[in-house]
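Here's the structure we're looking at; comments come further down.
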Amino acid sequence: MDRTTRSTCPYCGVGCGVLIDTTDTAEGPQITGVRGDPDHPANAGRLCTKGATLHLTATPMVRQQQRQLQPAWRPARGAALQAITWDAVEQQLAERLLAVRAEHGPDAIGFYISGQLLTEDYHAFNKLARGLVGTNHIDSNSRLCMSAAVVGYKQTLGADAPPTCYEDLNLASCLFLAGTNTAWAHPVLFRRIEAARAARPDLKIIVVDPRRTETAEFADLHLPLRPGTDVALFQGMLHACIWEDWVDRAFIEQHTEGFEALKALVRTMTPGEAARLTGLKEAQVMQAAQWFAQSPASLSLYCMGLNQSSSGTAKNTALIHLHLATGQIGRPGAGPFSLTGQPNAMGGRETGGMATLLPGHRDPMRAQDREEIAALWGCDPLPDRPGRTAVEMFEAAARGEIKALWIACTNPAQSLPDQALVRAALSRCELVILQEAFVGTATADFADVLLPAATWAEKDGTVTNSERRISRVRAALAPAGESKPDWQIVRDVAVRMEAVLRPDAASLFAWERPQQLWDEHRAATRGRDLDITGLSYEQLEAAPQQWPFPEGAQQGRARLYEDRRFAHADGRARFVARPFVPPAERQDASYPLALSTGRLRDQWHGMSRSGTVPRLFAHAPSPALHLHPTDIARRRLQEGALVRVASRRGAMVVPLRADDALSPQSAWLPMHWGSEFVGGQGQLGVNAVTQPVFCPDARQPELKFAAVSVTAV
Ligand code: SF4
């Protein structure tokens, strides 16, 4: 019998709807294909290469050979993994975590989770960490992805809420794309941009990117600025807008605070000075400013190129300032629009599954916020000590302060910067728990306990995409082997811990269905900017919806701030005057090249899922260091030969590729390959060379800039 299950793509933050076709066989149900859901507002039936090959990540062979099928543990560090029952491993974990907590305190335990978890999974981990263990040391790999966008929105607009929607791509007259190779990282959105251009040839497209990417090729104006100089560009554009009287003075006066201080700050950032700092031409800065300010509706799209920076928050706020100063916000086709990298980075922000957040966009350092959540959960007072963010958590583990790490659905031994430090941290921990669907990730080598997690097509729940739209994720198959949905794994360990910690209290984890977790989560949003108290699972069955969706609403809100009332208490947006600061690391004679990392079109993160599909390697079969031909010639290197890329932290060996889309004195590496890089044993992959320095506000590390040298092997 054939069935179709409506679900959501598990890769990027576009959040495309998918239809999963299954058929019953003698071996049980099997997925026969995946189609784009024509009724899903995010994609209207379109899929990119990754989404269209999802069925190949869930074939019987992949489910048998490339999945973690049963719990496993090591009797000692370095020993081989041994199979263990769920019952035994849950009891063992509960006892070991309780022992660490009793001996060293709750802050000796850390949780490092993932923007690929479902909202319900996030809620389960957050309640365990804060409500039972009693620590704020819970952070997500979304820290590497979106935390600068979160803080940028909060500082300027007052809430972590993207004010725009995908429909605005069709309504904008100027698209300003900064630090996003949308054509590769968010392909279905790029199809919308192409369609918008075809429908309106006068649409202006500006792309800010040091590389001449496929997205930049499509632009009317490409601004190939020096890496890390975005704030100088945006401030130079603001200076031009002020000087040319392209600002909206009435909007500034009626709806904002702080403009005079920012105006004084950018007085010296003339377009000429911005051109000098960015390496652009003054005329390019002026042209960008004019199109941005004078187009009827300007929409900016931005992503990792702004966020993954030691000044990530400053880049975000400097771009949002342009919208506020020119009144390009709060109306159709206009506003700042951060694109989320992961499928549910937004859900993590909403549930507060990050060190700096509590559920419902609350603050763990505010007593009232903690009290509200403790009352909702019925637990002891929540911890008031600051939580460690991603890089800080591993630094604390390396110092021996965090003794036990529970890692879920992410691969820090590949994806975090400065791998030497990360691996030292994992080695020093007394207990590393890895909850993972796929076998063979680099982090598994450090795990004392492996917990097999169900994954896409095997679990139910919800995700939120870049435009605040919540979609249902549904199971089409039973979990592979003995794997379980992530929230169930958390519940089953947590109830054993609370039998000791709260023996006489009602369980905090009495869940049988994901809907129960969802209902707890939405209760925490009541009265908040993201209020979804009116949005039930039943309504989501009918159609994906955007938040806010308070009780009594008939539908979600497509765009925010149309009433010109921002989320700060006084309703006014803020300009935040902060000067341009260059990247933390400097190029010099020893490390003369500026290295950036990024996505390939057909791969995802560390390739644990996309790497199971051979055809996805057709686009780029192996990693390569991209270097401008003049830099190759100057060093007398050979294209295709192995080269050694070295930074102040480490080195790696990789084939060389000539690429005139880069500027001279810069280099680019795909982010996907880890320790299995060419060169083999002992290599740490791309993050051997990246740096852990992070934005002081958002604590997002600077993955887009490292000073490196490149030499022949
Ligand atoms: Fe999946 Fe993103 Fe591709 Fe859509 S654009 S199919 S969400 S990877």
### Query
Given the structure, is Val208 crowded, with 18+ Cβ neighbours inside 10 Å, more than 16 Å from the ligand (Cβ to nearest atom) and under 30 Å from Glu167 (Cα atoms)?
yes
### Message
Leu54 - would you say it is in contact with a Pro (Cβ under 8 Å, 6 or more places away or on another chain), within 14 Å of the ligand (Cβ to nearest atom) and closer than 30 Å to Val449 by Cα?
### Response
yes
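Residue-by-condition table, conditions (1) in contact with a strand residue (DSSP E or B) (Cβ under 8 Å, 6 or more places away or on another chain); (2) among the small types (Gly, Ala, Ser):
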{"residue": "Ser173", "(1), (2)": "yes, yes"}
{"residue": "Gly179", "(1), (2)": "yes, yes"}
{"residue": "Val188", "(1), (2)": "no, no"}
{"residue": "Glu194", "(1), (2)": "no, no"}
{"residue": "Pro201", "(1), (2)": "no, no"}
{"residue": "Ile206", "(1), (2)": "yes, no"}
{"residue": "Thr213", "(1), (2)": "yes, no"}
{"residue": "Asp220", "(1), (2)": "yes, no"}
### Summary
Inside the stretch 604-629, the number of residues satisfying the requirement of being within 15 Å of the ligand (Cβ to nearest atom) and closer than 16 Å to Trp184 by Cβ is 6
#### Entry: Test set (1) of a type in the set (S, T, N, Q); (2) at pLDDT 95 or above; (3) closer than 30 Å to Gly330 by Cα - Ser590 fails condition number
(3)
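Residues to consider are Thr464, Thr441; find the one that is among the hydroxyl-bearing types (Ser, Thr, Tyr) and touching a strand residue (DSSP E or B) at 6+ places or on another chain (Cβ under 6 Å).
Values: Thr441 fails: touching a strand residue (DSSP E or B) at 6+ places or on another chain (Cβ under 6 Å).
One residue alone meets the criteria, Thr464.
Picking from Ala42, Ala129, Ala83, which residue would you name as being within 16 Å of the ligand (Cβ to nearest atom) and touching a strand residue (DSSP E or B) at 6+ places or on another chain (Cβ under 8 Å)? Lay out the reasoning, then the answer.
Working: Ala129 fails: within 16 Å of the ligand (Cβ to nearest atom); Ala83 fails: within 16 Å of the ligand (Cβ to nearest atom).
One residue alone meets the criteria, Ala42.
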### Query
Being free of Cβ contacts under 8 Å to residues at least 24 places away in the same chain and either among the hydrophobic types (A, V, I, L, M, F, W, C) or in contact with a helix residue (DSSP H, G or I) (Cβ under 9 Å, 6 or more places away or on another chain) (or both), is that true of even one residue in the stretch 489-498?
yes
### Message
So, in the stretch 179-196, how many residues would count as being touching a Lys or Arg at 6+ places or on another chain (Cβ under 8 Å) and near the ligand (Cβ under 9 Å from one of its atoms)?
### Response
4
#### Entry: Selected residue (only one of Ser309, Ser300 is in the same structural domain as Pro162 (by TED's automatic domain parsing) and touching a Leu at 6+ places or on another chain (Cβ under 8 Å))
Ser300
### Task
Filter the stretch 538-559 for residues that are closer than 18 Å to Met346 by Cα and among the charged types (D, E, K, R) and give the result.
Arg557, Arg559
### Summary
A careful count of residues in the stretch 60-107 that are without any contact (Cβ under 8 Å) to a residue 60 or more places away in the chain, part of a loop (DSSP other than H, G, I, E, B) and under 25 Å from Ile138 (Cβ atoms) gives 1
### Message
Return the pair list, or none, for Cβ contacts closer than 9 Å from residues in the stretch 624-645 that are farther than 18 Å from Tyr591 by Cβ and assigned by TED's automatic domain parsing to the domain that holds Gln665 to residues that are aliphatic (A, V, I, L, M) and in a loop (DSSP other than H, G, I, E, B), at least 6 apart or on different chains.
### Response
Gly640/Ala624; Ala641/Val713; Leu642/Val678; Leu642/Val713
### Summary
Of the residues in the stretch 19-39 that are within 20 Å of Arg192 (Cα to Cα) and within 13 Å of the ligand (Cβ to nearest atom), the one that is surrounded by the fewest Cβ atoms within 10 Å (Cβ to Cβ) is Arg35
### Task
Of the numbered conditions (1) surrounded by fewer than 17 Cβ atoms within 10 Å (Cβ to Cβ); (2) among the polar types (S, T, N, Q); (3) part of a helix (DSSP H, G or I), Gln539 fails exactly one; give the number of that condition.
(1)
### Message
I want to confirm something. Restricting to the stretch 1-18 and keeping residues that are assigned to a strand (DSSP E or B) and away from the ligand (no atom under 12 Å from the Cβ), which single residue is surrounded by the most Cβ atoms within 10 Å (Cβ to Cβ)?
### Response
Arg6
### Message
Looking at the stretch 643-672 only, could you name the residues that are in a loop (DSSP other than H, G, I, E, B) and either within 14 Å of Leu593 (Cβ to Cβ) or among the polar types (S, T, N, Q) (or both)?
### Response
Ser647, Arg648, Asp659, Leu662, Ser663, Pro664, Gln665
### Selection count, the stretch 353-390, where residues are touching a Phe, Trp or Tyr at 6+ places or on another chain (Cβ under 8 Å) and modelled with pLDDT of 95 or more
2
### Task
For Thr525, state whether it is more than 29 Å from Leu171 (Cα to Cα), part of a loop (DSSP other than H, G, I, E, B) and in contact (Cβ under 8 Å) with a residue 24 or more places away in the chain.
yes
## Note on the structure
Restricting the stretch 258-297 to residues that are touching a Ser or Thr at 6+ places or on another chain (Cβ under 7 Å) and closer than 28 Å to Arg331 by Cα, the one surrounded by the fewest Cβ atoms within 10 Å (Cβ to Cβ) turns out to be Pro296
### Query
Does the stretch 317-361 hold any residues that are surrounded by fewer than 24 Cβ atoms within 10 Å (Cβ to Cβ) and of a type in the set (Lys, Arg), and which are they?
Arg331
### Message
Taking the criterion of being of a type outside the set (Val, Ile, Thr), surrounded by 18 or more Cβ atoms within 10 Å (Cβ to Cβ) and assigned to a helix (DSSP H, G or I), would at least one residue in the stretch 542-559 satisfy it?
### Response
no
## Note on the structure
Picked from the stretch 504-521 (must be farther than 15 Å from Gly353 by Cβ and not hydrophobic (A, V, I, L, M, F, W, C)), the residue surrounded by the most Cβ atoms within 10 Å (Cβ to Cβ) is Pro514
### Checking Pro201 against (1) surrounded by 22 or more Cβ atoms within 10 Å (Cβ to Cβ); (2) away from the ligand (no atom under 16 Å from the Cβ), the condition it does not meet
(1)
### Query
Out of all the residues in the stretch 205-222, is one or more over 20 Å from Leu339 (Cα atoms), among the basic types (Lys, Arg) and not assigned by TED's automatic domain parsing to the domain that holds Ala707?
no
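Quick check on this structure: which one of Glu541, Glu512 is more than 23 Å from Pro163 (Cα to Cα), modelled with pLDDT under 95 and over 25 Å from the mean Cα position of the chain (by Cα)?
Answer to the check: Glu541.
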### Message
among the charged types (D, E, K, R) and surrounded by fewer than 24 Cβ atoms within 10 Å (Cβ to Cβ): which single residue out of Asp139, Asp107, Asp121 fits that description?
### Response
Asp107
### Message
Kindly evaluate Ala398 against the criterion of being farther than 30 Å from Asp168 by Cβ, surrounded by 19 or more Cβ atoms within 10 Å (Cβ to Cβ) and within 22 Å of the chain's Cα centre (by Cα).
### Response
no
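The values are calculated or read from the model by the stated rules, or taken from the named source; none is laboratory data. Just so you know, these numbers come straight off a predicted model, no measurement behind them. Every residue, glycine among them, receives a Cβ derived from its backbone with ideal geometry; neighbour counts consider all protein chains shown.
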